[in-house]
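Novice: Take a look at this one; I'll ask things after.
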There are 2 protein chains.
Amino acid sequence: MIRILIAEDQRLLRGALASLLDMEEDMEVVGQAGDGQEALDQILSLQPDVCLLDIEMPVITGLEVAERLKAQMAACKIIILTTFARPGYFERAVKAGACGYLLKDEPSEKLAEAIRRVMAGHREVSPELVFGSFRQENPLTARERDILRLIAEGRTANEIAATLHLSHGTVRNYISETLNKLSAKNRIEAIGIAEQKGWL
Amino acid sequence: MIRILIAEDQRLLRGALASLLDMEEDMEVVGQAGDGQEALDQILSLQPDVCLLDIEMPVITGLEVAERLKAQMAACKIIILTTFARPGYFERAVKAGACGYLLKDEPSEKLAEAIRRVMAGHREVSPELVFGSFRQENPLTARERDILRLIAEGRTANEIAATLHLSHGTVRNYISETLNKLSAKNRIEAIGIAEQKGWL
DNA sequence: CAAAAAACATGACACTTGTCACCTTCATTC
DNA sequence: GAATGAAGGTGACAAGTGTCATGTTTTTTG
């Protein structure tokens, strides 16, 4: 019997997947979580064989859950289940030791089979990721990312300088460098590009 | 037997919902669509009793599908099924004659029951929408919306003036008025606010 | 250890943005 | 028919943005 935990913030999808997987004779959904923290707690206490992790969840993301599980050397196999085929996400998932990276665009019939294959020791990755230019790694430094995130919230260079205890000019230098790296002509375009690539 | 069509672009959720609803003795999923155009075509040819429409789909949105069905006086009952409790979306859905507006955050068990209640002539709306300040209607004019959409793509005032055949100053006047209406301090904040409210 | 990369800074320049006052035209509405 | 509001416009000003050259100081890494 494969013991499964599902972490997904949309209750409708979570419930539907749980019903679907519970119908398989060799599977049992032992827990469900609606945010990352809940997922982490339940995985550590229930010790499922495998967990399905959505990435964009409240409190902590699925990628962070995976990274923390790896740090604690948890035995639970990890399958990331997400809408986004973003290079940055995929790279982080691989580094965090995920055994699978499936897109929510996959047909539902394939899910159970993918779980069985992962339990058999294989790696399962949606075809869109296998080809595709997933070898683009994040060109932004930590500081540049911090600043771009604040820009995305609508903060101005002056405000960012104040909150980060930097000079006005330094902030603008970082932004200029970021625009250059992303080939964006202004902040707004840069935000779009970074979000789309999963670099934020 | 209630004949159902599901329009949802995420194959995983679409498939899972179809399996779930097909298990109910009084329901039958007669069609599935992955984008708005497909949904519209299938509803007109298959004549289901009720359709579940996601809003953010490729080609045309679920709201547009609803509006076109209303214009053609189609008999099919409409249930909007979306992630977003945005006031602007809800208002458009009601105007398009939708019988239900459910959030994907609803527990999956409630879905079948909601469909039955809609078929019995009731209106089904997720509780978050019933209360909540959904009575905020879009303060932006058509022109202001057009321009804000272009801003969100990263276009500058000059570029927008060129594509819309307006003067540079006029574009900036519209933007200024938009910022004022949304109480935003700059374009980026304005985009965030408008998106969050469903006014874009 | 030396080189490279990251972090932080200054000053200057041109361009873009946001604001404001004020003006016209046209369609809708009371 | 006067009032309102949407659409379009001008010009001017202050503030914000993006670029560049150039510099110092740590931290990382081959």
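Novice: Where in region A:137-162 is the amide nitrogen less than 12 Å from a point lying 7 Å along the Cα-to-Cβ axis of A:E177?
Specialist: From region A:137-162, the list is A:140-147.
Novice: Relative to 2.2 N^0.38 Å, what does the C-alpha radius of gyration of region A:122-200 come to as a ratio? Two decimals please.
Specialist: The value comes to 1.30.
Novice: Can you list the lysines whose alpha carbon sits under 20 Å from that of B:K110, skipping same-chain ones fewer than 8 residues off?
Specialist: Within the straight-line limit of under 20 Å, B:K110 reaches these lysines: B:K77.
Novice: Shielding of B:17-23 by partners, i.e. mean partner chain Cβ atoms within 10 Å per residue?
Specialist: Counting Cβ atoms of other protein chains within 10 Å of each residue's Cβ and averaging gives 3.
Novice: Mean residue ellipticity at 222 nm from the helices of chain A, using -39,500 (n - 2.57) per DSSP H segment of n ≥ 4 over the full residue count, to the nearest 500 deg cm²/dmol?
Specialist: Taking each H run of at least 4 residues, the total per residue is -15000 deg cm²/dmol.
Novice: With a point put 7 Å past each Cα toward its Cβ, work out how far A:E195 is from A:K70 in nm, to one decimal.
Specialist: Simple spin-label model gives 2.7 nm for this pair.
Novice: Computed from the mean reciprocal separation of all distinct C-alpha pairs, what Kirkwood hydrodynamic radius does the protein assembly as shown have, in Å?
Specialist: Answer for the protein assembly as shown: a Kirkwood hydrodynamic radius of 23.2 Å.
Novice: Separate question: Compute the Cα gyration tensor for region B:2-134, then decide on rounded, prolate or oblate, letting a ≥ b ≥ c be the square roots of its eigenvalues: rounded whenever a/c is under 1.5, prolate when a/b is larger than b/c in the other cases, and oblate in all that remain.
Specialist: Rounded, because the longest to shortest axis ratio a/c is under 1.5.
Novice: Sticking with this one: Can you give the FRET efficiency for B:E137 and B:R117, using 1/(1 + (r/R0)^6), R0 = 30 Å, r = Cβ-Cβ distance, to the nearest 0.05?
Specialist: 0.65
Novice: May I pose another question? Is there a simple number for the mean count of other chain Cβ atoms within 10 Å of the Cβ of residues in B:183-189, and what is it?
Specialist: Mean inter-chain Cβ contacts per residue within 10 Å come to 4.
Novice: Also, quick follow-up: Show which lysines lie in cross-link reach of A:K70 when reach means a straight Cα distance below 20 angstrom and same-chain residues fewer than eight apart are skipped.
Specialist: The qualifying lysines are A:K95.
Novice: Further question on the same structure: At a Förster radius of 22 Å, what calculated FRET efficiency corresponds to the Cβ-Cβ distance of B:D146 and A:T83, to the nearest 0.05?
Specialist: 0.20
Novice: Averaged across the residues of B:5-11, what count of C-beta atoms belonging to other chains lies within 10 Å of each residue's C-beta?
Specialist: 3
Novice: Put +1 on the Cβ of each Lys and Arg and -1 on the Cβ of each Asp and Glu in the protein assembly as shown; which of A:H168, A:A142, B:N180 then has its Cα farthest toward the positive end of the dipole?
Specialist: Most positive-ward Cα: A:H168.
Bear in mind that the values in this text are calculations on the coordinates, not laboratory data. Everything numeric here is computed off the predicted structure, so don't read it as measured data. We place every Cβ from the backbone using ideal geometry, glycine too, and count neighbours over all the protein chains shown.
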